[in-house]
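Working notes, structure below.
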Amino acid sequence: MSEVDELKGIAHSLSEAASAGGLDERELVTLFFQEGFFSVLGYGRVGEDIRLEQRTLRGRVDVTLRAFAARPVAVLEFKAPGVSLAAFIDQLSSYTAEVFPETGILTNGTELWLFRCQNGLLLQPPIEQMTLSDLTTSQARGLYERLRLRHVDLRRLDAVNQCLDELRSNPLPVSSPMEAGGRQFLTRFALTANTPFGHLVSKLLEALPSFRQHSDFTKGAYEFWRRIYSRQIDFEETPSSWRPFVIGPGREALYQFIFSLETAYAILSRVMLAKAMQDNRFPYIDILRSFAGALEAQHERRTLQSSTHIDAVASVFHEAARQAFTPLFASDIFDWWQDDESLSEDAGLGYALAEAALAVFGFDFSPLQGDILGNLYQSYFDPETRLALGEFYTPPEIVDFILDAVGYAGSQVVVSRLLDPACGSGTFLVHALARYLDASQGQDPVTILKGLVGGLRVVGFDINPFACLMAQVNYAAQILPLFSQALQQDPHFFILGIPVLRTDSLRQETREGEEQLTETQRPQLGFRMEVAGDLANIRTTLPVLKEGQEPKEVLIAVPRFDRAREQGLVSNVEEYFAALLDCPPKRSPVSC
């Protein structure tokens, strides 16, 4: 028997049971489960592809059916048998406006009204008003096609390409964290076991031991993070949302989870920023095409391995870096997941990365302006997680009070530069940028950005690499619309990097066992500059450790500031340090 014929038979059984009377709404939902209505459509995991009693601002949705990457397929509102459905259209409409499904359903067990939805709007009149006892084969087929589970087989190139086409044609608009699109984003990227973000954290944590065993970079990155940057924390002090993920007892298991969690946030933040760049009409950037192109280049007979998706997500970073913010998308200690040569294919990390990336691709960030994107970014850190990671969030009112107290209004005349020596994820920077940009209105975008970034007008420092990366993403998010305008005005325009620097603004970090040494005796883990003729050699330590060895030191030769100024290459120290960040990003039609 086909699924359509089976669905038709189930509908007849439901109608017969509902007509007998005595059922309330919850009992009717249970009856739909017992008769196999949801299972014949392909759904089977309550809490994952089926959500019950989902909260919204206007009440609780009885049943939400969800597809790949938690994308809502349908909202079903149940009423007791015999109740007129016409009186509840407005209620269903209020739910679809928050959940953004493709389909809305009203049913009392004997009747079923089927509505089409577009961007959360319930379109009327209903497509179908069905009597379940007389459901025809044609009606059952239409109902099945609208409600069936949309699974994306990440092992098949054609399935992924079809998914990308659908995401491109019908993205969910996000205008703030508090409206429907923003709440959907926060729901899909909450730290729970059944979200794309939760799947990513789990797979990173599962893969980390193998990477540490076979990858010198991963081993060095983790040990460097563990010794220098990790916070002392016990399992009892952790947020409740963390505990289902931590594998095994002991503090080391907890540290591996924190490292995996910070890695997941680093990935998600940069994929989100890359998608926002595309949505804000940055020229020459198409991250969905880049993702698809990487898969096309590496498939084996239209079949995709997990590692292929790892390369596809990395290609998103490369595509964004060609256009802007090159150092932000460059390799970091949280990019250990890209060193996948020794990872077994059955680990599934690449599939989790792909699911998270595709979930981000399903949103349209173009309605976001300025600090609203930053607010959305801030919102997906729940308060407990923020505190446990060492992030102390300052309320906006306090930030504005302090900026007022120091007299910072964004004007270059009153205060030429604002420095935040312990910026964290960038709360003060975001508010300072808003004031700077507001005070700069009337100037052309190129002039504003050159003064802001090239002139180092708003600068952050932090000792923690995770905090720096989050602050860089937050900083970049604030200037996206202005940057897009600058590129459309001047395709050759670029900025070399975001002025958020990883350093100890009080003193350089110390290595283990050096606490008793004086400041002059203590070796530095930052960088030192040694003059040699026309060059200055920067001696710095890489965060790569091998067993029984000290951290590796390297020399990086750069032009001396005084010689560069004499030759007219730079006119001040701001230009000099900006020039050392990177070369202009390569992008069509401009090249370095």
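Counting just the residues of region 316-333 that are among the small types (Gly, Ala, Ser) and surrounded by 19 or more Cβ atoms within 10 Å (Cβ to Cβ), which one comes out nearest to Ser169 (Cα to Cα)?
Here is the first cut: in region 316-333, the ones among the small types (Gly, Ala, Ser) are 320-321, 324, 330-331.
When the remaining residues are screened for being surrounded by 19 or more Cβ atoms within 10 Å (Cβ to Cβ), the result is 320-321, 324.
Values: Ala320: 21, Ala321: 25, Ala324: 25 Å.
Among residues in region 316-333 that are among the small types (Gly, Ala, Ser) and surrounded by 19 or more Cβ atoms within 10 Å (Cβ to Cβ), the one nearest to Ser169 (Cα to Cα) is Ala320.
Has region 271-293 got any residue that is among the small types (Gly, Ala, Ser) and modelled with pLDDT under 90? Steps first, answer last, please.
First, the residues of region 271-293 that are among the small types (Gly, Ala, Ser): 274, 276, 290, 292-293.
Checking which are modelled with pLDDT under 90 leaves us with none.
No; the residues of region 271-293 include none that is among the small types (Gly, Ala, Ser) and modelled with pLDDT under 90.
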Among the residues of region 174-185, what is the count of those that are crowded, with 19+ Cβ neighbours inside 10 Å and outside any helix (DSSP H, G or I)? 2
Do you know which residues across region 51-98 are of a type in the set (Gly, Ala, Ser) and either surrounded by 14 or more Cβ atoms within 10 Å (Cβ to Cβ) or outside the structural domain of Leu14 (by TED's automatic domain parsing) (or both)? Gly59, Ala67, Ala69, Ala70, Ala74, Ala80, Ser93, Ser94, Ala97
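Quick check on my filter: what residues within region 297-307 are surrounded by fewer than 14 Cβ atoms within 10 Å (Cβ to Cβ) and touching a residue at least 60 places away in the same chain (Cβ under 8 Å)? Working first, answer last.
Going residue by residue through region 297-307, those that are surrounded by fewer than 14 Cβ atoms within 10 Å (Cβ to Cβ) are 297, 300-303.
Once the filter is applied, which keeps residues that are surrounded by fewer than 14 Cβ atoms within 10 Å (Cβ to Cβ) and touching a residue at least 60 places away in the same chain (Cβ under 8 Å), region 297-307 yields Arg302, Thr303.
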If Thr110 meets every condition in (1) polar (S, T, N, Q); (2) closer than 25 Å to Val152 by Cα; (3) touching a residue at least 40 places away in the same chain (Cβ under 8 Å) apart from one, which number is that one? (2)
Quick one: in region 40-90, of everything that is without any contact (Cβ under 8 Å) to a residue 60 or more places away in the chain and small (Gly, Ala, Ser), which residue is nearest to Lys8 (Cα to Cα)? Gly44
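Kindly evaluate Lys275 against the criterion of being in contact with a strand residue (DSSP E or B) (Cβ under 8 Å, 6 or more places away or on another chain), touching a residue at least 40 places away in the same chain (Cβ under 8 Å), part of a helix (DSSP H, G or I) and not hydrophobic (A, V, I, L, M, F, W, C). Can you show your working first?
Details: in contact with a strand residue (DSSP E or B) (Cβ under 8 Å, 6 or more places away or on another chain): yes; touching a residue at least 40 places away in the same chain (Cβ under 8 Å): yes; part of a helix (DSSP H, G or I): yes; not hydrophobic (A, V, I, L, M, F, W, C): yes.
For Lys275, the condition - in contact with a strand residue (DSSP E or B) (Cβ under 8 Å, 6 or more places away or on another chain), touching a residue at least 40 places away in the same chain (Cβ under 8 Å), part of a helix (DSSP H, G or I) and not hydrophobic (A, V, I, L, M, F, W, C) - is met.
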Just the residues that are in contact (Cβ under 8 Å) with a residue 12 or more places away in the chain, over 28 Å from Pro196 (Cβ atoms) and assigned to a loop (DSSP other than H, G, I, E, B), please, taken from region 212-248. Asp234
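Of the residues that make up region 96-105, is at least one touching a strand residue (DSSP E or B) at 6+ places or on another chain (Cβ under 9 Å) and under 30 Å from Glu296 (Cα atoms)?
Within region 96-105, the subset touching a strand residue (DSSP E or B) at 6+ places or on another chain (Cβ under 9 Å) is 96-105.
The next check asks that each one be under 30 Å from Glu296 (Cα atoms); those that pass are 102.
Checked region 96-105: at least one residue is touching a strand residue (DSSP E or B) at 6+ places or on another chain (Cβ under 9 Å) and under 30 Å from Glu296 (Cα atoms).
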Among the residues of region 47-62, count how many are among the small types (Gly, Ala, Ser) and in a loop (DSSP other than H, G, I, E, B). 1
Out of (1) part of a loop (DSSP other than H, G, I, E, B); (2) without any contact (Cβ under 8 Å) to a residue 24 or more places away in the chain, the one Gly21 does not meet is (2)
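Provide a single number: the residues in region 63-81 that are basic (Lys, Arg), over 14 Å from Leu92 (Cα atoms) and either over 24 Å from the mean Cα position of the chain (by Cα) or not in a loop (DSSP other than H, G, I, E, B) (or both). Outline the logic, then answer.
Of all residues in region 63-81, those basic (Lys, Arg) come to 66, 71, 79.
So of that shortlist, the ones also over 14 Å from Leu92 (Cα atoms) come out as 66, 71.
Among the residues that remain, those that are also either over 24 Å from the mean Cα position of the chain (by Cα) or not in a loop (DSSP other than H, G, I, E, B) (or both) are: 66.
Of the residues in region 63-81, 1 are basic (Lys, Arg), over 14 Å from Leu92 (Cα atoms) and either over 24 Å from the mean Cα position of the chain (by Cα) or not in a loop (DSSP other than H, G, I, E, B) (or both).
Can you spot a residue in region 162-172 that is part of a loop (DSSP other than H, G, I, E, B), touching a Gly at 6+ places or on another chain (Cβ under 8 Å) and buried (at least 17 other Cβ atoms within 10 Å of the Cβ)? Please lay out each step first, then the result.
Narrowing region 162-172 to residues part of a loop (DSSP other than H, G, I, E, B): 170-171.
Narrowing further to those that are touching a Gly at 6+ places or on another chain (Cβ under 8 Å): 171.
In the following step, the residues that additionally are buried (at least 17 other Cβ atoms within 10 Å of the Cβ) were identified as 171.
Yes - at least one qualifying residue is present in region 162-172.
The values are calculated or read from the model by the stated rules, or taken from the named source; none is laboratory data. Predicted, not measured: the structure shown is a model, and the values here were computed from it. Neighbour counts run over all protein chains shown; Cβ positions are idealised from the backbone, glycine included.
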